[in-house]
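One structure below.
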Amino acid sequence: MSLKQINFPIKLNFFKKLFLLTIGVVFLTILTSFIFNSLFLDKFYIYRKKQTIIEIKNTLVKVINDKDKLQNYIYFAEDSFGVKIDLNYIPQNIRSHMSGNKKIFNSLKINESTFKIREIDGSSGVMFIRYYERLEGGYLLSIRSSMAVMAEHIHDIFIFNIFTAFFSLIMSSILVSIFSKKISRNIMYLKNNAEKIAKLEYPKNISLNSGDELEELSYSLNEMSKELSVSIENLKLFVSNASHELKTPISVLCLYSQALSRGNVPEDKKKEYYKTMLDKSLEMRALTESLLTLSKINSPDYKLIKENINLKILVENSIEQFDYLEFEKNIDINLKVFDLFISGDYNLLKIAINNLVQNMLKYSPENKEVFIEFKNNIISFKNSTYPNNTTDPDEIFEPFHRGENALNENIDGSGLGLPLVKRILELHNFNFSLSIDNNIFDFKIDIKKTD
């Protein structure tokens, strides 16, 4: 099912969700503010008022022995903090009378204090807070402050919060509407480009300048579009080349089998026909096996089956397998190898070594010498090539690409050998290099693993 077949009301749904979420957060914040104001504002006001009275008391105690400073500070405190301060001396001979301040004085120990909150009268409802402390020397300190201001302020704060709530909701609605529409527009832009990619259109220059995750997503989508475009083109080329490589042997097999079935082949030619059909069948089998192996090892979830392998034995077995090429072309193999154990996938490394040995013998001119050498953990496969070989070493690793040697000298092959070798070595994290210089083909493998 394509993206076009699915109805994605992204813009509308996203806008609603973001709008409602933001308005909900603003409303919850305002509601929380109202609740806290209702439950704790008066308590907080009283707490702060008590702290102020304590600070005034501490200052009074410090200057109590200096009448001028004491009087000046009382005037200052009453004017600045809205309090009424009484500092009364109660003589010893009348402290026993239980009335008014004397009663409070006698109820307190020296340096003991108390707070009292009362109404000014029984009907006004206006509260005041009063602080008493019995000081040394027979003094009673009384500091009184009205809380009428608190009631007025709480009412004002409530009215102000209502206006603030409405203003916040309106501004939030406007800002969220603008912001969410912009985000929705960017999401729709990415969605449209994703639909194009799904239809194999591969748009170019997918980009957003939003400075957030959507910008990163647009970059990733743009890279994906490029990679998919290249991959699809490579896949088309790969299928085309594979079809072309299979077409020739299939055509030969069809032609020869028809000729044999109709009895149109002379007896002395039948053996040649059978041999050609066998060769083409083996060629097709080798090609399909290479294609299957290349497809399998290019799978993202492919895992190597590692074991301890003696590389010397792999090379010697491979040379023995292709010794017919050595004898046909009268090639000398200069072999300098020793026991060298590595960890790897035996079947894959066998394919890689076989391809390198076969290519070395197949593409070397007759009556030449080839070299296989182990040195400092480097395995080198070196052979001469035909003159005027200007093959690009990078292009030779492309599937179905044939070097100039193969084309000019009409050498059989599918062009899948070195791509297989390249992928197998990459899976094993082995570094490798290829150089073609002065008609010398030199392939080196560093068996030390890279991190």
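The values are calculated or read from the model by the stated rules, or taken from the named source; none is laboratory data. Note that this is a predicted model, so its numbers are computed, not measured. Backbone-built Cβ (ideal geometry, glycine too); neighbour counts: all protein chains shown. We work out accessible area using only protein heavy atoms, side chains counted, and drop any ligands, DNA or RNA first. Shrake-Rupley method; radii C 1.70, N 1.55, O 1.52, S 1.80 Å.
Checking every one of the GluC sites (Glu not before Pro) in region 268-366 against DSSP loop status and a limit of 14 other Cβ atoms within 10 Å picks out 366. Full extension of the chain segment joining residue 279 with residue 316 gains 10.8 nm, where the gain is 0.36 nm per residue of separation less the Cα-Cα distance.
For region 272-376, the solvent-accessible area with a 1.4 angstrom probe is 59 square angstrom per residue. Taking a straight line from the alpha carbon of residue 69, these lysines sit under 25 Å away, with near neighbours fewer than eight places off in the same chain left out: 49, 50, 57, 84. Remark: accessible surface ordering of 191, 306 (largest first) is 306, 191, probe radius 1.4 Å. Taking only protein heavy atoms and a 1.4 Å probe, the accessible area of region 253-393 is 49% carbon and sulfur. Among the trypsin sites (Lys or Arg not before Pro) in region 331-389, those located in a DSSP loop and surrounded by at most 15 other Cβ atoms within 10 Å of their own Cβ are 368.
Past 30 Å, Cα to Cα, is the threshold; run 362/444; 275/382; 191/422; 275/350; 62/116 against it and keep the listed order. Over 30 Å apart, Cα to Cα: 275/382; 191/422. Of all lysines in the structure, those lying under 17 Å Cα to Cα from residue 270, and not within fewer than 8 positions of it along the same chain, are 280. May I ask for the distance between the Cα centers of region 326-372 and region 49-72, given as a whole number of Å? Computed from Cα coordinates, the inter-centre distance equals 104 Å. Note down the net charge around residue 62, summing +1 for each Lys or Arg and -1 for each Asp or Glu among other residues with Cβ under 15 Å from its Cβ. Once positives and negatives cancel, what remains is -2.
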